[in-house]
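The values are calculated or read from the model by the stated rules, or taken from the named source; none is laboratory data. What you are looking at is a predicted structure, and each value in this text was computed from that prediction instead of being measured. When we count neighbours, we look across all protein chains shown, and the Cβ atoms used for this are built from the backbone with ideal geometry, even at glycine.
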Amino acid sequence: MSHHHDLPLNKDITARFVPKIVALMVYLGTLCFVFTLFMIHSSALWENQLTTPLSVEMPTLKTTEANSLPSRVLDLLNQTPGIQHAAVVPQKEMASLFHSLLGEDIDVDLFSLPIIIDVSLNNQEKVNFQRLEAGLKNISPHVHVTDHRGWQIQVSNLFHTSIFIAFFITILILFGALATATFATKTSLLIHGQVIEILSLVGATNSYIAKQFQVHAFKQALIASIIGSSFAFLTFFGLVILLEKAELPFVVHSSFFSQTLWVFGLAPVFMAFAMMLSVRIAVMKVLRS
């Protein structure tokens, strides 16, 4: 007997809607998983670049004491226990920051740019912030200290929460597709119940019958997943082009794009094998009962 033609699985009602559902699930699942990768890369890039927990700001005053103010503040910071390094932000970087916020047409020379000192901390030693602020106020009442660690922790928690939610949604979509395949398989078993009984009477084993279902499910899932993954890739590519035209490109490492290609390429294969395994388990469970 040929397992390809013993059961007319291509003609029952499940063969019509299951591929459509699988294609939609793969489309949504791959996009959601790519978003998860994007958030992981963005979080890592953000945490690596933002290494300044504190900053000291002082205005550019036109007095004789203003010239020595940055050096006096730097001396105090470098002598404070718990501070690892302190450096003045170059005025070119300040000017480029203002240009990015206000536009290239703005004449930065018309503004009195403040002097910013980036401060990195030593994690092995705590800083007495009250004593530090008091010492800076003694140097000049115009010196202001900003602690960035509070909002940095909030942004980091937001990244991690978004990653967890996106990955959880991806898992739910996968289980939804597998559950659909399981219910469709049970429906097919009921539709072809008489044919299965005849096959059993002539000597067909449960494994032989299950193999027909799993081969059919593998082919269906592979074709539908390729369609869904292809549309997901086109959607992702279109979003990248739109963001680039809006001058908002992805600020992530190039490895992210190579990983997305692997996701779109391997998603159909993974879904096809997962569907085949779930269908076989469902068929064998029904046939043994």
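Are there any pairs with C-beta distances below 8 angstrom linking a residue in the stretch 119-131 that is under 15 Å from Leu74 (Cα atoms) to a residue that is in a helix (DSSP H, G or I), with the two at least 6 apart or on different chains, and if so which?
Here the result reads Val119/Leu77, each pair linking the stretch 119-131 to a residue that is in a helix (DSSP H, G or I).
Residue check: is Ala86 at pLDDT 75 or above, part of a helix (DSSP H, G or I) and not assigned by TED's automatic domain parsing to the domain that holds Phe35?
Here the answer is no, as Ala86 does not meet what is asked.
Has the stretch 166-185 got at least one residue that is loosely packed, with under 15 Cβ neighbours inside 10 Å and among the β-branched types (Val, Ile, Thr)?
Yes, the stretch 166-185 contains a residue that is loosely packed, with under 15 Cβ neighbours inside 10 Å and among the β-branched types (Val, Ile, Thr).
Taking Phe257 as the residue in question, decide whether it is farther than 16 Å from Lys20 by Cβ and over 20 Å from the mean Cα position of the chain (by Cα).
No: the conditions fail for Phe257.
Report, by residue number, each residue of the stretch 175-206 that is without any contact (Cβ under 8 Å) to a residue 60 or more places away in the chain and polar (S, T, N, Q).
Selection gives Gln194, Ser200, Thr205.
May I ask you to list the residues in the stretch 42-64 that are within 17 Å of Gly150 (Cα to Cα), at pLDDT 75 or above and among the hydroxyl-bearing types (Ser, Thr, Tyr)?
The answer is Ser43, Ser55.
Residue-wise test of (1) more than 30 Å from Leu37 (Cα to Cα); (2) in the same structural domain as Thr170 (by TED's automatic domain parsing); (3) outside any helix (DSSP H, G or I); (4) touching a helix residue (DSSP H, G or I) at 6+ places or on another chain (Cβ under 9 Å).
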residue: Val195; (1), (2), (3), (4): yes, yes, no, no
residue: Ala210; (1), (2), (3), (4): yes, yes, no, yes
residue: Val215; (1), (2), (3), (4): yes, yes, no, yes
residue: Phe237; (1), (2), (3), (4): no, yes, no, no
residue: Gln259; (1), (2), (3), (4): no, yes, no, yes
